[in-house]
Amino acid sequence: QALRQISQRTISTASRRQFANRVPENQKLFQEDNGLPVHLKGGAKDSLLYRTTAGLTVCGTIYAFYYLLVSSMPKKPN
């Protein structure tokens, strides 16, 4: 019983961070008509993430086609 009270007390009195509501700021940012697509409106971090994803996709496609070509060639006899 005492252990239960202590554990409940430590859980309930744990410090909680207060987060500011930034939804209105983000709504203004993403609804702004600045000619950017929505996936790039977050700034440099979004741009870096987009370019990395696009680069990995291109590299993966080239890699897949290369191994498709290699596997389609007949094996050389030993």
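What the table shows:
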read-out	value
Enumeration of residues in the range 25-40 that are part of a loop (DSSP other than H, G, I, E, B) and either more than 17 Å from Ala54 (Cβ to Cβ) or open to solvent by 90 Å² or more (accessible area, probe 1.4 Å) (or both)	Glu32, Asp33, Asn34, Gly35
The range 41-70: number of residues that are open to solvent by less than 90 Å² (accessible area, probe 1.4 Å) and not in a loop (DSSP other than H, G, I, E, B)	14
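The values are calculated or read from the model by the stated rules, or taken from the named source; none is laboratory data. From a predicted model like this one, the values you see are computed outputs, not experimental measurements. Reconstructed Cβ throughout: ideal geometry from the backbone, glycine too, with neighbour counts over all protein chains shown. All accessible areas refer to the heavy atoms of the entire protein, side chains included, with ligands and DNA or RNA removed. Shrake-Rupley method; radii C 1.70, N 1.55, O 1.52, S 1.80 Å.
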